[in-house]
Amino acid sequence: MATKSTKKTAAKKAAPKKAAKAAAPKKRKVNPALMKPVQPDDVLGAVVGTKPAPRGQITKKLWDYIKKNGLQDAKNKRQINADDALKAVFGGKKSVTMFEMTKLVSKHIK
């Protein structure tokens, strides 16, 4: 009987070692193209600033502007209601989805 209990404890001790090896994830490499500063044009610059910035920072500043001015639709959070500055960025549209917004913003980046 003693041999059965030692085999079970040995099996339990071996299991955490396998889990530890699998739990060590590899670090993701940042794509340098996404970190490259891009220049917003004058229309987009009125909302996010005219200094060159990475695309992620421009999107972040745009969302900060939207939240600060309460332009996100109350019922459908994916919908953005444009004010005068954003209408120019959105090509004259009064309302766009957040997915459509990124497409329209990319036209104003050099």
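Quick notes on this structure:
- Computed lengthening from Gln79 to Thr97, 0.36 nm per intervening residue step minus Cα-Cα distance: 6.0 nm
- Environment charge of Asp73, counting only residues whose C-beta is closer than 14 Å and scoring Lys/Arg +1, Asp/Glu -1: +4
- For Thr97, residues with placed amide H under 5 Å, excluding near neighbours: Ile80
- Computed from backbone phi with θ = phi - 60° and the Karplus coefficients 6.51, -1.76 and 1.60, the 3J(HN,Hα) list for the range 73-79 is 4, 5, 7, 10, 5, 7, 9 Hz; x is used for glycine and proline.
Throughout, read-outs are computed from the coordinates displayed, never taken from laboratory work. Quick caveat, the model's predicted, so the values are computed rather than measured. Don't worry about glycine lacking a Cβ; one is built from the backbone with ideal geometry, like all the others, and counts go over all protein chains shown.
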